[in-house]
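Before any comments, here is the structure.
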Amino acid sequence: MTLQARAFPDYAAALLSAYEEEVSGEAYFAALAAMQSGRARDALTLMAEMERATARALEPLLEAADVRPADRSALLEEGRAEAQELAGQSWHDLLTDMRDDYGAYVAEFEVVRAGAPEALRHHADLLVAHEVAIIDHARAELAGDSDSLAPLRRYLAQARSV
């Protein structure tokens, strides 16, 4: 099943959704990492770090838009619960889903980027870039590229410089 990008009524709703999904995504990827081993665990652990870094990058946008997210602990629990639903899914299937479905998130995040104040747009750029890095990793890993973790590591270096 291919995900379709959702439509949001306005910038604030798109921003709120993106932020809350980054927070829950941190727990989601961490829980998936705990279910895997080797390269899969390494990649998913990096993705959890990416979600955390991206959520932090979005905080100035939330403040500027006066958007109040849901309780962090509830969002983290949502992420863990979502990961549990995929407990039996293979690494190959997870990668295929990332490659084939995560483009919908890029489209949604472009909405956030377009609505972000110019002075803070570089924060929204990170939102888009992190999803592209995950897709690039999935493509590379599925192709057997021994350096498939590189897009994830590059993103984390970029996020740390902001």
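The values are calculated or read from the model by the stated rules, or taken from the named source; none is laboratory data. The shown structure was predicted, so the numbers you read here are calculated from the model rather than taken from an experiment. Reconstructed Cβ throughout: ideal geometry from the backbone, glycine too, with neighbour counts over all protein chains shown. Please note that ligands, DNA and RNA were not included when accessible areas were found on the heavy atoms of the full protein model with its side chains. Shrake-Rupley method; radii C 1.70, N 1.55, O 1.52, S 1.80 Å.
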Self-check item: Lone qualifier among Leu44, Leu15 - being aliphatic (A, V, I, L, M) and more than 18 Å from Glu82 (Cα to Cα)
Solution: Leu15
Exercise. Name the single residue, out of those in region 112-162 being assigned to a loop (DSSP other than H, G, I, E, B) and in contact (Cβ under 8 Å) with a residue 12 or more places away in the chain, that is most open to solvent (accessible area, probe 1.4 Å).
Key: Val162
Exercise. Quick one: in region 43-71, of everything that is under 16 Å from the mean Cα position of the chain (by Cα) and not aliphatic (A, V, I, L, M), which residue is most open to solvent (accessible area, probe 1.4 Å)?
Key: Arg56
Quiz item: Which one of Ala33, Ala83 is assigned to a helix (DSSP H, G or I), under 16 Å from Glu20 (Cα atoms) and at pLDDT 95 or above?
Solution: Ala83
Practice problem: Quick one: which residue in Ser146, Ser161 is out of contact with any helix residue (DSSP H, G or I) (no Cβ under 8 Å at 6 or more places or on another chain) and under 14 Å from Arg56 (Cβ atoms)? | Solution: Ser161
Quiz item: What about Ala48, is it over 25 Å from Leu62 (Cβ atoms), in contact (Cβ under 8 Å) with a residue 12 or more places away in the chain and in a helix (DSSP H, G or I)?
Solution: no
Self-check item: Conditions (1) assigned to a helix (DSSP H, G or I); (2) in contact with a helix residue (DSSP H, G or I) (Cβ under 7 Å, 6 or more places away or on another chain): number failed by Glu63
Solution: (2)
